[in-house]
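The values are calculated or read from the model by the stated rules, or taken from the named source; none is laboratory data. For clarity, every value in this text was computed on a predicted model and none was experimentally measured. Note that we place each Cβ from the backbone using ideal geometry, even for glycine, and neighbour counts take in every protein chain shown.
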Amino acid sequence: MLAIGLSAGIAHADVPQMGGGMSHLLVSVFNQQVFVTFESPSMSTVELQEGSGSFEGSASVLDGTGHNSQFGWLANGFISLPPSSGVFVRLLETSPHLSVYSEFGHAPILGTDESSLVWQWGGAMTHNWYASDVMGPHHVSYEVFVGDLLGNPLEGWTSGTVDLGFIYGTDLSDRIGTRGSVSTQTIPAPGSLGVLFGLVFTGQRRR
């Protein structure tokens, strides 16, 4: 029994941990307008936890960084969309030292490592990873909109916005190098994105 417990503990250390309780970003669509609200407003800023050791597989992109996946996109009830459309998130502004990776597969998204500034949300609860190797405060601002299958906003629909904050230890940004994140003020037209498989999203239960 002791050997099994020790083995399980070692394996657990190789998997990145969320960093705390879930902070859901509730997405609602009503009268052709998108609303994004915090389920817990007091959790609009979270702490990047110190990375130690080596993570397995694709999670290795988080090695040596402060990281967190508490923020999770969550449908606030039913989201009914027009045919051939979807819900998209566009990067508006970000700290230059902040990276973003997909929840599963840890692919760079939302401007990280020259990825598209627009990311298609599938409607299920999704907790992407945020990471930095520069200590101090970080932030990111997003626009959430309904768009066509190429990620272009639909006419007559109003988007919503949300700002996320992060704290990572003591500010040492003048002494530590940076990763390949993107800082942007002006957003170009989005490129071609994947095709949606569902037109109606249902609210997801919390984990």
Quiz item: Failed condition for Tyr142, given (1) surrounded by fewer than 21 Cβ atoms within 10 Å (Cβ to Cβ); (2) touching a strand residue (DSSP E or B) at 6+ places or on another chain (Cβ under 7 Å), with all others met?
Solution: (1)
Quiz item: Condition test on Ser85, is it closer than 20 Å to Thr161 by Cα, surrounded by 15 or more Cβ atoms within 10 Å (Cβ to Cβ) and of a type outside the set (A, V, I, L, M)?
Solution: yes
Quiz item: Hey, among the residues in the stretch 72-96 that are of a type in the set (Val, Ile, Thr) and touching a residue at least 60 places away in the same chain (Cβ under 8 Å), which one's nearest to Met43 (Cα to Cα)?
Solution: Thr94
Practice problem: Would you mention how many residues in the stretch 54-84 are within 19 Å of Tyr130 (Cβ to Cβ) and either part of a loop (DSSP other than H, G, I, E, B) or in contact with a Cys (Cβ under 6 Å, 6 or more places away or on another chain) (or both)? | Solution: 6
Exercise. Report yes if Phe104 is in contact with a Gly (Cβ under 7 Å, 6 or more places away or on another chain), of a type outside the set (A, V, I, L, M), surrounded by fewer than 19 Cβ atoms within 10 Å (Cβ to Cβ) and closer than 29 Å to Trp157 by Cβ, otherwise no.
Key: no
Self-check item: Any hit, the stretch 115-127, residues being surrounded by fewer than 22 Cβ atoms within 10 Å (Cβ to Cβ), in contact (Cβ under 8 Å) with a residue 24 or more places away in the chain and on the phi > 0 side of the Ramachandran plot
Solution: no
Quiz prompt | Residue check, Glu56 surrounded by fewer than 18 Cβ atoms within 10 Å (Cβ to Cβ) and at pLDDT 95 or above | solution = no
Quiz item: What is the number of the single condition among (1) buried (at least 16 other Cβ atoms within 10 Å of the Cβ); (2) of a type in the set (Gly, Ala, Ser); (3) at pLDDT 95 or above that Ser173 does not meet?
Solution: (3)
Quiz prompt | Elements of type strands (runs of 3 or more DSSP E) contained in the stretch 85-164, each with 3 or more residues being of a type in the set (A, V, I, L, M, F, W, C) | solution = 85-94, 118-121, 136-148
Self-check item: Criterion: under 18 Å from Ile167 (Cα atoms), buried (at least 16 other Cβ atoms within 10 Å of the Cβ), touching a residue at least 60 places away in the same chain (Cβ under 8 Å) and of a type outside the set (S, T, N, Q) - qualifying residue of Val27, Val46, Val36, Val61
Solution: Val46
